[in-house]
Structure formats: structure tokens, C-alpha cells
Amino acid sequence: MFINGAAQAADAAPTPKPAESAPKSDDDGWIVTVGVIGAVAPSYPGSAHFRPYPFPTVNIRKLNEPEHFSTPDDGFGFAVVDVDGFRMGPVANFVFRRGNRDGLFGLHQVGLTHEVGGFAEYDFLDHFRTRAELRQGIDGHEGFVAVLGADVFSRENAVTFSLGPRLSFGNNAYANSYFSVSPGEALLNGHLTPYQATGGFTSAGGVATLRYDITPNFNATLYTGLQHLAGSVGSSPIPSMIGSRDQFTAGLSFSRSFEIRKFW
């Protein structure tokens, strides 16, 4: 019969070997680092009053990719280009809402601002980093800001120390949101004079950090920073008359890393 002949032919044919699945790579996945920062910072840009703020942090890198140096004032981002110490990718940040407290009675409010944009950084000599962030506010102040920085860092066993300068810039929309005072607002406030702020160079300062790796996947970082308001925003009556041109921040962060592997 035909069926039996087909079966015999099948029995005679060598059994094909099952296809071997490609070996899994150690790079098939990511390391996600999440953390929280408890910070003390000015209650609004230009304020002399300090308030506590919580900040979340997120960082993503490939498995077996070495951890890159970072500081708590970096925006939220990840690299889409990573070649020979040069990294570039999207970045995001946010600025808390400015209300009418701490001397701002009668002035316009500025809502919570979400900023999105891109970053580029370059590491060289194993202990030096330069970084630039360009961000656009999509709500809140709706302005454009840029931050340029550099850091010298040193690692000794579980301890990493860093120190570096920061320069900040903002356009007219950013400057107007936080540092302009209309004639009507000045009249209502009673302590401020009318002022029209313009964009440009906004501040200069620096950041210092001290990190301790409690375990390979868990660390704590203590940091402090100081920015001096300059240019048109530094001359505004808000920091000059009711606030401060010197903007001090300090905080403590805790971060935990987790492996997320591909299962396909």
C-alpha cells in the first residue's frame, strides 16, 4: 500500500536534528537603577527660603555595560549612542510648582514644569566627565534651559568623590516666568518693583558628591551644590529684594539596581 511505503521511506530517512537555539548572550537584558533623593532646596528659583523635596531617579543600562559616573543633579536619561566614552540620548527633568508663598504674594504662579530634551557627555582619563543638557519646558514655565557641567571624580574601593562646576542658561520665557514682575504685581505685593527679565546666562556654581557603595547593588550618595544667579535674572528684585542670588541645595540619595533579562 502507498501509506505503508511512505511510512517505510520515512523510517529509512535520517531523522533531522532539531534546530539549535542561539545561545543566550549575557547582554540580553538591562540593569535598571531606581532611587530616591531627599533634598533641601530653595522653595522657588531665587528664594532665600528652603524646603524639603523628594526626587525620584531612574537609570537604565545594558547587562555587562559598566556603570557610568553620574551625579544627583543629572536629568533622567539613557544613552542611545555610546561610543568610546561619548554618550548621547534623551533626557527629562521637572521643576516644582511656584506658588505665592515666601514673599511672592500678588505675583503670578508657575505650575509644575516637565522638561524634555537631550544630553551629551564625554568621559576621559578615567576620572573626568563633561556633560551638557538641553531641555524644553512643555508646561509650567514653557521655557528653554541649558546646563553645562564638568566633574572630576575619584573612586577608591567603595567610595566615590566628585567635584565640578555648573553653568546654566535660559531663554526669555524661562526668565519671565520666575524673575519678571509686572506693574500690577508690584502694586499688589508692596515690596517689589516692576521688572522685565530677559534670557541668557542665568547662574554659575558647582556640585560636590560623596558616594558609598553599601553593596554592589545598593549605594548612598551625599551631595551639595551652590548656584549664584547672574545676568538679568540675578538683577531681578525677586532674588535681590526678597530672596537670594545664592541658591544652596543639599541632599541624600539611595539607589538600588536590578537585573531585567530577556526571556525570548
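Before moving on, here are some points about what is shown:
- Springs between Cα atoms under 10 Å define the GNM used for the chain, and in it the highest mean-square fluctuation of 215, 193, 57 occurs at 215.
- Theoretical ellipticity at 222 nm over the chain - DSSP helices of four or more residues, -39500 (n - 2.57) apiece, nearest 500: -3000 deg cm²/dmol
- Here the Debye sum runs over all C-alpha atoms of the stretch 44-128 as equal scatterers in vacuum, and log10 of I(q)/I(0) at q = 0.11, 0.13, 0.16, 0.24 Å⁻¹ comes out as -0.46, -0.59, -0.77, -1.24.
- Footprinting exposure proxy for 60, 138 (fewest neighbouring C-beta atoms within 10 Å first): 138, 60
- Among 53, 174, 44: highest mean-square fluctuation, GNM of the chain, C-alpha pairs under 10 Å: 53
- Under conditions of 20 °C and 1.002 mPa s, the stretch 29-261 yields 115 µm² s⁻¹ as its translational diffusion coefficient, taking Rh as the Kirkwood radius over Cα pairs in the Stokes-Einstein equation.
- Karplus (6.51, -1.76, 1.60) ³J(HN,Hα), θ = phi - 60°, over the stretch 141-157, in Hz, Gly and Pro reported as x: 6, 6, x, 10, 10, 9, 10, 10, x, 8, 9, 9, 9, 9, 10, 10, 6
- Positive-end extreme of charge dipole, the stretch 113-181 - chosen from 170, 144, 157 (charges on Cβ): 170
- With contacts taken as Cα pairs under 8 Å at a separation of at least 6 residues, the chain carries a relative contact order of 19 percent.
- Taking amide H as placed 1.01 Å from N in the peptide plane, residue 244 has its amide H under 5 Å from the amide H of 47, 48, each at least 5 places away in sequence or on another chain.
- Rounded to the nearest 20 debye, the dipole magnitude of the chain is 620 debye, with +1 charges on Lys and Arg beta carbons, -1 on Asp and Glu beta carbons, and the Cα centre as origin.
- Computed from the C-alpha gyration tensor, the three semi-axes of the ellipsoid equivalent to the stretch 141-264 are 39, 17, 14 Å, from longest to shortest.
- In this structure, residue 112 and residue 40 have a Cβ-Cβ separation that, at R0 = 22 Å, corresponds to a calculated FRET efficiency of about 0.70.
Read-outs throughout are calculated quantities, based only on the coordinates presented, and are distinct from any laboratory measurement. Here the structure is a predicted model, which is why all the values come from computation and not from measurement. Note that we place each Cβ from the backbone using ideal geometry, even for glycine, and neighbour counts take in every protein chain shown.
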